[in-house]
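K.L.:
Before anything else, here's the structure in question.
The values are calculated or read from the model by the stated rules, or taken from the named source; none is laboratory data. Please read these numbers as outputs of a predicted model, since none were measured by experiment. Every residue, glycine among them, receives a Cβ derived from its backbone with ideal geometry; neighbour counts consider all protein chains shown. Ligands, DNA and RNA are stripped out before the accessible areas are found, and what is left, the full protein with its side chains, is counted by its heavy atoms. Shrake-Rupley method; radii C 1.70, N 1.55, O 1.52, S 1.80 Å.
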Amino acid sequence: MSMHIANGRWVVWLSLLGAMLLQIMPLPDIVEAWRPDWLLLVIIYWAMALPHRYNILSAFALGVMLDILLGAHLGIRALAMSLVVYVVVLHFQRLRNFPMWQQALMISSLVCLHHLVVFWVQFAVSTATVTFDVNLFLPAISSLIIWPWVFWMLRRLRRLYKVR
């Protein structure tokens, strides 16, 4: 039994690693603005499914790793991801029971929150002028579209490997 639980944990961390790779993978400029927030979507799913195991600390650690990989100010994405996952963990029972379309809308608004926090902190700490751009919300639209697929795929993995 403990072997299945250990294997299940590896499934979660491999899914997060895959999401991290998708997040930093180079894309053509025309598609880059529409890139879904893969890592954020995956950590949101695991925080909804297993809030006692994957929560704010996990999101903070992943955010720091993402900041390092992107060469950004250390802690910006960690703060934003922690805030989003805090909201998810706070309301995980309600989010689980939403119909998929409503859940996707909520996830999209959480992605918007993430991008706004990243923008505000970059604006506060940057010496150069950071301008607000409407393209900041394009990942929220693509995340809205991709969320049902991400949810379905991760749920299948969770059930297949009996992740608890």
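K.L.:
Tilt of helix 100-125 relative to the longest C-alpha principal axis of the chain, in degrees (0 to 90, nearest 10)?
P.N.:
It is inclined by approximately 40 degrees.
K.L.:
Could you please state how large a percent of the accessible area of the chain is carbon and sulfur, counting protein chains only and using a 1.4 Å probe?
P.N.:
Result for the chain: 69 percent of the exposed heavy-atom area is carbon or sulfur.
K.L.:
Separate question: Please state the relative contact order of the chain as a whole percent: Cα pairs under 8 Å, 6+ residues apart?
P.N.:
32 percent
K.L.:
Additional query: Compute a Gaussian network model of the chain, connecting alpha carbons closer than 10 Å, and tell me which residue from PHE123, PHE151, PHE137 fluctuates the most.
P.N.:
Between PHE123, PHE151, PHE137, it is PHE123 that shows the largest mean-square fluctuation.
K.L.:
Turning to a different aspect of this structure: With a 10 Å cut-off between alpha carbons and a GNM built on the chain, which of GLY63, GLY75, GLY18 moves the most?
P.N.:
GLY18
K.L.:
In degrees between 0 and 90, to the nearest 10, how far off the longest principal axis of the chain does helix 38-49 point, with axes built from Cα atoms?
P.N.:
40 degrees
K.L.:
Go ahead and estimate [θ] at 222 nm for the chain from helices alone: -39,500 (n - 2.57) per DSSP H run with n ≥ 4, summed, over the residue count, rounded to 500.
P.N.:
-25000 deg cm²/dmol
K.L.:
If you don't mind, another one. Report, in degrees rounded to the nearest 10, the 0 to 90 angle that the Cα long axis of helix 138-160 makes with the longest principal axis of the chain.
P.N.:
20 degrees
K.L.:
Let me ask something additional. Mind checking which of LEU113, LEU95, LEU69 has the largest fluctuation in a GNM of the chain, springs on alpha carbons under 10 Å?
P.N.:
Highest fluctuation of the listed residues: LEU69.
K.L.:
Next up: Let's test this: bin the Cα-Cα distances of the range 1-77 at 10 Å from zero up to the farthest pair and state each bin's percent.
P.N.:
18, 46, 27, 8, 1
K.L.:
In debye, nearest 20: dipole of the chain around its Cα centre with unit charges on the Cβ of K, R (+) and D, E (-)?
P.N.:
It works out to roughly 1000 debye.
K.L.:
Counting only protein chains, not ligands or nucleic acids, how are HIS114, HIS73, HIS91, HIS52 ordered by accessible area (probe 1.4 Å), most first?
P.N.:
Highest to lowest solvent-accessible surface, that is HIS52, HIS73, HIS91, HIS114.
K.L.:
Each label point is 7 Å from the Cα along the Cα-to-Cβ direction; what then is the distance between the points at VAL130 and LYS162, in nm?
P.N.:
Simple spin-label model gives 4.6 nm for this pair.
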